[in-house]
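Some notes on the structure that comes next.
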Amino acid sequence: MRPRLAVAFAGLLFVTACGGGNGGSGDGLSSGGTDSNDDGLTDVVHMDGSEVDVTALDNTFRVANIEVKPGTKIVWENKGRNDHDVLPVSGDAWGVQPSDFTPGDTYTTTFDQPGVYRYYCSIHGTTDQGMVGSVVVSE
Ligand SMILES: [Cu+2]
């Protein structure tokens, strides 16, 4: 698969440590708006609340890269005019098939463990480009 993933993973958790909002331990990081790294994760948007929405459009996820607390309910809604799917880049523990994610459908899951959960739509993207997104779960 992707040998760099473990390294990028650690970097991600570091880089995306929420620019504001989390009570400031060790604030040596620059907290400018846009973070980017070798693995291409940019514009991670911190989302508050026990439930957050991600919209599937034709053919993007919006907001594509979000950061949430563990246990946040993530709701994907297909607001496009085409079928889409949500497939994890790694493993198959979550996600939804196109038949269950036609226009108007929603798919909900919850991540209890911190980590970076990348996903993509296999109809309009590949694991690392096109219709892709990620959920960064951090305390
Ligand atoms: Cu799609």
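The values are calculated or read from the model by the stated rules, or taken from the named source; none is laboratory data. What you are looking at is a predicted structure, and each value in this text was computed from that prediction instead of being measured. So basically every Cβ, Gly included, is an ideal-geometry build from the backbone, and we count neighbours across all protein chains shown.
Here are some notes:
- Any chance residue 139 is at pLDDT below 95, of a type in the set (D, E, K, R) and away from the ligand (no atom under 15 Å from the Cβ): yes
- First in the range 123-135 and loosely packed, with under 15 Cβ neighbours inside 10 Å and in a loop (DSSP other than H, G, I, E, B), second anywhere and at pLDDT below 95 and not basic (Lys, Arg), Cβ under 9 Å, 6 or more apart: 128/39; 128/40; 129/40
- Each residue in the range 96-114 was checked for being closer than 18 Å to residue 45 by Cβ and either of a type in the set (Phe, Trp, Tyr) or modelled with pLDDT under 95 (or both), and 1 pass.
- Flag for residue 116 being within 16 Å of the ligand (Cβ to nearest atom), among the β-branched types (Val, Ile, Thr), crowded, with 17+ Cβ neighbours inside 10 Å and in a strand (DSSP E or B): no
- Scanning the range 50-68 for residues that are within 16 Å of the ligand (Cβ to nearest atom) and of a type in the set (A, V, I, L, M, F, W, C) turns up 54, 56, 57, 61, 63, 64.
- For the criterion of being closer than 17 Å to residue 117 by Cα and either buried (at least 16 other Cβ atoms within 10 Å of the Cβ) or modelled with pLDDT under 95 (or both), residue 29 fails.
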